[in-house]
Amino acid sequence: MDEDSKPLLGSVQAGEYYTDSLDSKQRRPFHVEPRNIVGDDVQERVSSEASALSSRVHYYGRLTASSDRLLVPPDHVIPSPEDIYIYSPLGTAFKVQGGDSTAKNPSIVTIFAIWNTMMGTSILSMPWGIKQAGFTLGIIIIVLMGLLTLYCCYRVLKSTKSIPYVDTSDWEFPDVCKYYFGGFGKWSSLVFSLVSLIGAMVVYWVLMSNFLFNTGKFIYNYVHNVNTSDTFGTNGTDRVICPYPNLDPDGDSSTLQYYAGENSTGQVFDLWWSKTNTIPFYLIVLLLPLLNFRSASFFARFTFLGTLSVVYLIFLVTYKAIRLGFHLDFHWFDSSTFFVPEFRSLFPQLTGVLTLAFFIHNCIITLMKNNKHQENNVRDLSLAYLLVGLTYLYVGVLIFAAFPSPPLSKECIEPNFLDNFPSSDVLVFVARACLLFQMTTVYPLLGYLVRVQLMGQLFGDHYPSFLHVFILNILVVGAGVLMARFYPNIGSIIRYSGALCGLALVFVLPSLIHLTSLNRRGELRWPSAVFHGFLVLLGVANLFGQFFM
């Protein structure tokens, strides 16, 4: 067994006995005679035989290296699962309840865990992405990008299995990259993983500024009974607005969305409550202190809000589509006053967004370790991707189809489709308020992941000092403030960061690792080399397409 090369006892802090979530591969116990087991009665001291065995196990653990099998205790020393206990330095032994099975998740939980992890801010940009690519081509691209990213994710999941004679049970994808490409592989995977995390934090800051602005504006108008009319939009109870109506079909004019979106509600209020001039700076007071917490466990308790927010968005999209109806007119290659062509040259903008929308490659190995039936990993991963793809298609297609054209042009669809609804819309206000609270709790988690990855590699400590952490947080928050102040276009931020991190972690590294593994085993054939080389070229083209389209 590969895991026999590990010491029988790992380091466990005294007083911490989370036996229900014990990983026996990390804290491998030894056998204790039943008469010495501690139950609900008064605790007894462990016998001298058990203590002697404990000392020998510690001794072997110090002598045995991770790859040295000479002094590994034989299998018959390891007790059966029902006789596994944890030895305490205090002289007592505690029985493990349930073993590994209680820590594993059934397939349905694993599938929805992947779905919930992938469902992020990209869902708000799906209608805009379809508009940029064209309705028909947009649907085709979503399907194809889902299949390509699924295959690359499958290659990441299988990458640890292709390494012979090494225990990879606790490896992550950066460890695989280091095994094949040395320090360059490890640091490249780390850098591009940080790009995805920091890019997500920047998008969150822009969106939180947007949501906080519209939420405060709704409350102010309601309290002061202010009736505002947006610059350009439809009439009726379910109003749809065009924040910047004079659009250039081939431009990226949505960066100017805030000029028409900030309607006059009062000179003093407008001066101190501005989407770009003041709100991004107000968020510093709230979020910068939260980033300096040593642990993010408190914020992890609110991760379920992400699922509730997505479910509410699906309800909102369905309700708006029913109320507005469908407005489609097919023009295959030529533009019209109110509609866009079915095939547009701006399609790389959608592929960039989708690269980040389908991105879960840097944590898929960890998520799948908790799957109860490991033989179903590929099936469960495929079903999760299918669910994610259907969710993106549902939101993107319904909002695009229901957007009222005429009187509004499809070009008015914003990178954040909630901006196409007035701040006075109650249902949209609820969506913005829920997303604001959810993002406020997730943002410190993303900052914690950035800190753990960067500080752990540079200093060997996740929290080297308050000064180190504070400087890092200032840099990350500063990036978010600058983007929210000068370039509040989440569509472009998502596509650039998605194409950049996707180049390495989605297309290049998984393909090169697979080809290298096949070559070392003497199994590399030209069809596989051509196909995976094509994936690498797609990743490069996807990145360059963001700058030239």
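Against the condition assigned to a helix (DSSP H, G or I), at pLDDT below 90 and more than 28 Å from Arg155 (Cβ to Cβ), how does Arg485 come out, does it pass? No; evaluated as a whole, the condition is false for this residue.
So is Leu537 under 26 Å from Asp175 (Cα atoms) and open to solvent by 50 Å² or more (accessible area, probe 1.4 Å) or not? So Leu537 fits the description; yes. Just one residue in the set Thr318, Thr337, Thr355 is among the polar types (S, T, N, Q) and out of contact with any helix residue (DSSP H, G or I) (no Cβ under 9 Å at 6 or more places or on another chain); that residue is Thr337. If we keep just the residues of the stretch 349-386 that are among the hydrophobic types (A, V, I, L, M, F, W, C), at pLDDT 90 or above and open to solvent by less than 10 Å² (accessible area, probe 1.4 Å), which is nearest to Thr121 (Cα to Cα)? Top of the filtered list is Ala357. Residues of the stretch 292-317 being surrounded by 14 or more Cβ atoms within 10 Å (Cβ to Cβ) and under 14 Å from Leu124 (Cα atoms), which ones? The answer is Gly306, Ser309, Val310, Tyr312, Leu313, Ile314, Leu316, Val317. Taken across the stretch 278-288, residues that are at pLDDT below 90, surrounded by fewer than 17 Cβ atoms within 10 Å (Cβ to Cβ) and outside any helix (DSSP H, G or I) do not occur at all.
None of Phe400, Phe470, Phe437 is surrounded by 18 or more Cβ atoms within 10 Å (Cβ to Cβ) and assigned to a helix (DSSP H, G or I) except Phe400.
Residues checked against (1) farther than 30 Å from Pro127 by Cβ; (2) in the same structural domain as Thr149 (by the TED database); (3) open to solvent by 70 Å² or more (accessible area, probe 1.4 Å):
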{"site": "His462", "(1), (2), (3)": "yes, yes, yes"}
{"site": "Phe466", "(1), (2), (3)": "yes, yes, yes"}
{"site": "Ile494", "(1), (2), (3)": "no, yes, no"}
{"site": "Leu500", "(1), (2), (3)": "no, yes, no"}
{"site": "His514", "(1), (2), (3)": "yes, yes, no"}
{"site": "Arg520", "(1), (2), (3)": "yes, yes, yes"}
{"site": "Glu523", "(1), (2), (3)": "yes, yes, yes"}
{"site": "Leu543", "(1), (2), (3)": "no, yes, no"}
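Would you mind stating whether Arg485 is of a type in the set (D, E, K, R), surrounded by 21 or more Cβ atoms within 10 Å (Cβ to Cβ) and closer than 30 Å to Asp419 by Cβ? It is false that Arg485 is of a type in the set (D, E, K, R), surrounded by 21 or more Cβ atoms within 10 Å (Cβ to Cβ) and closer than 30 Å to Asp419 by Cβ.
Considering the conditions (1) under 21 Å from Leu503 (Cα atoms); (2) at pLDDT below 90, Cys152 is excluded by exactly one of them, (2).
The values are calculated or read from the model by the stated rules, or taken from the named source; none is laboratory data. Not measured: the values here are computed from a predicted model. Backbone-built Cβ (ideal geometry, glycine too); neighbour counts: all protein chains shown. SASA here: full protein model, heavy atoms, side chains in, ligands and nucleic acids out. Shrake-Rupley method; radii C 1.70, N 1.55, O 1.52, S 1.80 Å.
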